[in-house]
Amino acid sequence: MPTYKLISSVTVGSGGAANITFSSIPATFTDLLIKVSARTNRADDSDDLYLTFNGISSGYSTRNLEGGGTTVSSDSFAGIGTKIGRMSQNAANNTANTFGNSEVYIPNYTSSKIKSISIDNVREHNGTYGSLNFIAGLWNYSGQPAITSITFTPNGSFVQYSSAYLYGISNA
Amino acid sequence: MAVTYEKIQTTTLSTSQASITFSSIPSTYTDLVLVGSAKSLISGTDSIGIAVNGIGSGIYSRTYLEGSGSAASSGRQTLQIRIVSDYITGTYGTADFGVYTWNFMDYANTTTKKTVLFRGSNTQVSGGWNSSAMVYLVDTTAAITSLTIGTMNGPNLDTGTSFTLYGIKGA
């Protein structure tokens, strides 16, 4: 059995999209991996992409390690316990046709334990701003439910050709 | 379609124990990926230590970059006795299992010393969080045939700790 299998993919059409959701995720894998390529219509130098599970907006925490090209910093995104963030993506003020990229790894997504999430994120556009993030996320929600749906939401809206690929990884 | 990402072996602890060993690793892959979800039985923070081919002498060095949630830092350590991860969670508070990944590059060759890349996301409810990235050098030209995974400070890995070793085929 292949250990690394595509479950579902989304590519945003010409009308854009407020979010990208994977629902009805099968419980037959051990871990999940999502690869995201995104740009939004926010009129700014970047946008932030957030992650929630099962349509629930509580129980989240985040630690971020960021390199901006000249400095390195770390923060905890205090006050955003309603989601995991922030995955910095390219936005409307960035060089045309450039997209940010994120890789989200979720081990043991069906377990009844607290969920830990590891995220690598990059944003580059051959311009003034770029960033690299290593993010540790946690979802500690009552009952510790299995993850059955995943939603990515930016501040703006995803533009056409933004995409996300959900893979299941099996160690069975 | 050729399968390029294959599970070699997986271990999930049903009882706590001192270490997990993946031995007789085949040389038929290009790279290895070790994915762990781990917790220590120590009452505090700990680190994972990996011995390559059973070697526990100072052949390991590392350069790390880590963020605690309030500060970022980087440093180097040489002559270490294990491939040492960043912090993992101990048993205090409502501790959880972090996410740890090691990439062992060109592990089967017998002419070059081995480079290892690490990403750690230690997410715990009560303090001691961090997100980290590291690069290691294992000062041996021998092919990697076994990995022994344990804790650096605690007596045991906790029940529920799991490690899976994958092989990546480049051809």
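Just so it is clear, none of the values below were taken in a lab; they were calculated from the coordinates. Because the structure is predicted, anything quoted here is derived from the model rather than measured. Virtual Cβ from ideal backbone geometry, glycine too; neighbours counted across all protein chains shown.
I need the phi-derived Karplus couplings for region A:147-158: 6.51 cos²θ - 1.76 cosθ + 1.60, θ = phi - 60°, integer Hz, Gly and Pro marked x.
Listing the rounded values in order: 7, 10, 8, 9, 10, 9, 9, x, 6, x, 10, 4 Hz.
Please compute, for peptide B:109-118, the average count of beta-carbon atoms on other protein chains lying within 10 Å of each residue's beta-carbon.
Values: counts 0, 0, 0, 0, 0, 0, 0, 0, 0, 0.
That average works out to 0.
Which residue, chosen from A:T110, A:F22, A:S46, occupies the Cα position most advanced towards the positive end of the dipole of chain A, where the dipole is computed from +1 (Lys, Arg) and -1 (Asp, Glu) charges on Cβ about the Cα centre?
The residue sitting farthest along the positive end of the dipole is A:T110.
In debye, nearest 20, what is the charge dipole magnitude of chain B about its Cα centre with +1 on Lys and Arg Cβ and -1 on Asp and Glu Cβ, if you could check?
On the way: 9 positive and 9 negative charges, 45 e Å.
Here the size comes out at about 220 debye.
Dipole of region A:3-170, Cα-centred, from +1 at each Lys and Arg C-beta and -1 at each Asp and Glu C-beta, to the nearest 20 debye?
Working: 10 positive and 10 negative charges, 81 e Å.
It comes to approximately 380 debye.
How large is ³J(HN,Hα) for each residue in region A:85-96, as worked out from phi by the Karplus curve 6.51 cos²θ - 1.76 cosθ + 1.60 (θ = phi - 60°), to whole Hz, x for Gly and Pro?
Values, residue by residue: x, 9, 8, 6, 10, 6, 9, 5, 7, 7, 3, 4 Hz.
Just need the relative contact order of chain B here, percent rounded to a whole number, with Cα pairs under 8 Å and 6+ apart.
The value is 41 percent.
In a GNM of chain A with a 10 Å cut-off on Cα contacts, which of A:R123, A:R39, A:R63 has the highest mean-square fluctuation?
Most flexible of the set in this elastic network: A:R63.
Using alpha carbons only, how many angstrom separate the centre of region A:84-133 from the centre of region B:42-119?
With region A:84-133 and region B:42-119 each reduced to a Cα centre, they are spaced 23 Å.
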